[in-house]
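Peer 1: Have a look at this one before I ask anything.
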Amino acid sequence: MGCCVSKSGGDSKASRTARWRSTGIVALRDSKLKSFPDEVLELEKSVRTLDLTHNKLVDLPVEICELINMQRLILAENLIERLPVNLGKLQSLKIMIMDGNRMTSLPDELGQLVRLERLSISGNLLTNLPDTIGSLRNLLLLNVSNNKLKSLPESIGSCFSLEELQADGNSIEEIPSTFCNLVNLKSLSLNNNKVNQIPPNLLKDCTSLQNISLHDNPILMDQFQQMDGFLEFEARRKKKFDKQIDSNVMIGSKGLDEGVDL
């Protein structure tokens, strides 16, 4: 009977590996993993999506760089303290989700992920972001909420494709002037920070901006309303709001969908 159980277990593992290789999707959520599974590394170029959400992983092996065709890396809700420095070799990566880990810093090699479109690293212990983040020219979404950031690097102003930046729940005091270069930025959320000023030309230069959320910051409403480009920003915001009403979309945002609210 022992042999049969062993054989059955082997078939199950073989079947799972075959499925992963066929679909390119490796999903091991809630699997109580404490170490990175070697069987995933054996798949090498076959992996397109890797989801190891809600496990107990503390670190990632350097061999992860061999998954060179991986496009989505989802490692939320683990115990990961650092990323391997050779992470930049994952040149196909478009989505990386690392929410709810224990990282205090990110490697400079992050900037080598030039195809990255979505980077979410909320709920960590980050005290700063690497300047190399400015090399992510295809980045559309950056979520760094609920960390320990006191500032944002000026280099973010070089992320020219950026449409949404979420940085709620940090200790950020001001927004770099380079943010005025983000002509595709639509939404900027900085709730629960220490922001007391924003670049005077932000509303004027960020011509796609439709939503700014600055709840629980020391910045004053008067400062915001007196900025160049405020009327144009209000027109864009109202137009977006009207479209949502026309589409019968329920408004759940805490941003400026119902008026300027700081």
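Let's see how each residue does on (1) assigned to a helix (DSSP H, G or I); (2) loosely packed, with under 15 Cβ neighbours inside 10 Å:
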{"site": "Thr17", "(1), (2)": "yes, no"}
{"site": "Arg21", "(1), (2)": "yes, no"}
{"site": "Asp30", "(1), (2)": "no, yes"}
{"site": "Lys45", "(1), (2)": "yes, yes"}
{"site": "Leu57", "(1), (2)": "no, no"}
{"site": "Ile64", "(1), (2)": "yes, no"}
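Peer 1: Restricting the search to region 32-43, which residues are in a helix (DSSP H, G or I) and charged (D, E, K, R)? Talk me through it step by step, then tell me what you get.
Peer 2: The first filter runs over region 32-43 and keeps only residues in a helix (DSSP H, G or I), leaving 38-41.
Answer for region 32-43, where residues must be in a helix (DSSP H, G or I) and charged (D, E, K, R): Asp38, Glu39.
Peer 1: Consider Leu87 carefully, then state whether it is crowded, with 20+ Cβ neighbours inside 10 Å, on the phi < 0 side of the Ramachandran plot, in a helix (DSSP H, G or I) and in contact with a Pro (Cβ under 8 Å, 6 or more places away or on another chain).
Peer 2: Yes; evaluated as a whole, the condition is true for this residue.
Peer 1: I've got another one for you. Specify the residue that is farthest from Leu162 (Cα to Cα); the eligible residues are those in region 175-191 that are of a type outside the set (Phe, Trp, Tyr) and part of a helix (DSSP H, G or I).
Peer 2: First pass over region 175-191, keeping only residues of a type outside the set (Phe, Trp, Tyr): 175-178, 180-191.
Going one step further and asking which of them are part of a helix (DSSP H, G or I), we end up with 177-178, 180-181.
On the way: Ser177: 15, Thr178: 13, Cys180: 12, Asn181: 10 Å.
Per the criteria, the residue is Ser177.
Peer 1: Still on this structure, I have one more. Identify, from the list Gly157, Gly134, the residue that is more than 22 Å from Asn86 (Cα to Cα), of a type in the set (Gly, Ala, Ser) and not in a loop (DSSP other than H, G, I, E, B).
Peer 2: Gly157
Peer 1: Of the residues in region 192-241, how many are surrounded by fewer than 17 Cβ atoms within 10 Å (Cβ to Cβ), touching a helix residue (DSSP H, G or I) at 6+ places or on another chain (Cβ under 8 Å) and either without any contact (Cβ under 8 Å) to a residue 12 or more places away in the chain or not in a loop (DSSP other than H, G, I, E, B) (or both)?
Peer 2: 4
Peer 1: Follow-up question, since we're still on this one. So if I check each of Glu232, Glu258, which one is modelled with pLDDT under 85 and acidic (Asp, Glu)?
Peer 2: That would be Glu258, the only listed residue that is modelled with pLDDT under 85 and acidic (Asp, Glu).
Peer 1: Could you count how many residues in region 173-214 are hydroxyl-bearing (Ser, Thr, Tyr), touching an Asp or Glu at 6+ places or on another chain (Cβ under 6 Å) and within 17 Å of Lys240 (Cβ to Cβ)?
Peer 2: Adding up the residues that qualify gives 2.
The values are calculated or read from the model by the stated rules, or taken from the named source; none is laboratory data. These figures come from a predicted structure and were not determined experimentally. All Cβ positions, glycine included, derive from the backbone under ideal geometry; neighbour counts span all protein chains shown.
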